1. How many residues does the stretch 213-229 contain that are farther than 15 Å from Gly324 by Cα and in contact with a Pro (Cβ under 9 Å, 6 or more places away or on another chain)?
2. All but one of (1) modelled with pLDDT under 95; (2) crowded, with 16+ Cβ neighbours inside 10 Å; (3) of a type in the set (A, V, I, L, M, F, W, C) hold for Ala76; which doesn't?
3. Tell me which residues, restricted to the stretch 205-224, are under 25 Å from Gly21 (Cα atoms) and in a loop (DSSP other than H, G, I, E, B).
4. Show me the helices (runs of 4 or more DSSP H) found entirely inside the stretch 225-309 where at least 1 residues are surrounded by fewer than 22 Cβ atoms within 10 Å (Cβ to Cβ).
5. Take the residues in the stretch 148-172 that are among the hydrophobic types (A, V, I, L, M, F, W, C) and in contact (Cβ under 8 Å) with a residue 60 or more places away in the chain, then tell me which one is farthest from Ala283 (Cα to Cα).
6. Mind checking which residues of the stretch 73-96 are touching a residue at least 24 places away in the same chain (Cβ under 8 Å), charged (D, E, K, R) and farther than 18 Å from Thr117 by Cα?
7. Given the conditions (1) of a type in the set (A, V, I, L, M, F, W, C); (2) within 23 Å of Val170 (Cβ to Cβ); (3) out of contact with any Phe, Trp or Tyr (no Cβ under 9 Å at 6 or more places or on another chain), report the number of the one that Leu82 does not fulfil.
8. Conditions: (1) in a helix (DSSP H, G or I); (2) within 24 Å of Val343 (Cβ to Cβ). Gln138 meets all but one. Number of the miss?
Amino acid sequence: MPEAIASVRVLHLLPHQGVGGLQRCVIDLVRHERMDGATDEIVLTDRALDTDGDFMAPATPVHFLGLTDARLAVRAARLADLAASRGARAIHAYTSADLLLAAAACSRAGAPRLLATLFERPSVRGFLLRRRLRRAVQAADELFVPTPALRGDWQAIGRDPEVRLAAVDVQRFHPQPSEHAWRGVFLDDPETLLVGSLMRATEDKAPEVLIEAVERRQAAGRPTALMLVGDGPRFAELKERSRGSSTLHVRRRVLDAPGFFGRIDVFALQCPDELVPVSLVEALACGRPAVVADSGPVAELVGADVVDLVPHGDVEAVVKALDGLHQRSRREERGFAARQRAVERHALGRLRSELSPTYS
């Protein structure tokens, strides 16, 4: 085997380097590790960097694995060769597909350690693929999940993972004053309650519930507006709906996520089955109160005492929750508690200290 051209601590596998919650979590983790002298790198397993859809300034070297249409064994061999050339000590996977890939790559003698932090439920169908996933889970040196809601799903596959809560950079995501200049340009009334939602524009995210709740408050004489941020299949439809509207603003993405949270007054989500809403954790870290559909996993992740939980699809419940946050003093009270929870349970520094021993 040729001598390694570098000495890399961990290769982190990501399907792509887009602006989703998983991507933000991993990229922030790697960015901080490298600032402290670690040699972590990212491997894109699904597609190469896209300047229109990805972070514009990667914090670390990024490799595109390629061979996306090749058999698993071929792609695993390429990953194993890349790991050997970099002298990688560990490979860290975050999805079922990448865990299968990493397990095949780590099956060689002298291969790197196999780690997984799984942000999704087991996502393979069919007996053979499920059996292969079960073997990959068993082969992992360490197995983690970022929320208690996922633990049972992976226990059913045959391994009891350790819960290590999803974490964000609480130094970067922190309370900051609203951007009054933006509000003066885009909002008719500077005292408008601005509700924000950062989530992919897919059918299951139910933005209509938030749109209708905001419109009802506005019609009742309580100035309210909604900013939806997220690319996806429904982006064009939602963008068209926002044209000429004084209450609905739609953006494909924000590269300055902390600035987005500083601009809004309340964060809201209406997805019924979101397991790891990273944007919610970021909002809490920024000291923003939140109104969230009660999916069970959300309460397990952040705690029911720091967010306003409402039944999924219940517009009136959303309106009532927003009414309860109309007063700035109430928003500040809830936001302070939210920030405390994020620092206590979701600080990136805590996660880094927990992961450090597993990488050696």
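The values are calculated or read from the model by the stated rules, or taken from the named source; none is laboratory data. All values derive from a computational prediction rather than experimental measurement. Don't worry about glycine lacking a Cβ; one is built from the backbone with ideal geometry, like all the others, and counts go over all protein chains shown.
1. Residues in the stretch 213-229 being farther than 15 Å from Gly324 by Cα and in contact with a Pro (Cβ under 9 Å, 6 or more places away or on another chain): 2 in total.
2. Ala76 satisfies all of (1) modelled with pLDDT under 95; (2) crowded, with 16+ Cβ neighbours inside 10 Å; (3) of a type in the set (A, V, I, L, M, F, W, C) except (1).
3. Selection gives Ala206 alone.
4. Output list reads 235-242, 257-263, 297-302.
5. Here the residue is Leu150.
6. Result: Arg75, Arg86.
7. If we test Leu82 against (1) of a type in the set (A, V, I, L, M, F, W, C); (2) within 23 Å of Val170 (Cβ to Cβ); (3) out of contact with any Phe, Trp or Tyr (no Cβ under 9 Å at 6 or more places or on another chain), just (2) comes out false.
8. All conditions pass for Gln138, except number (2).
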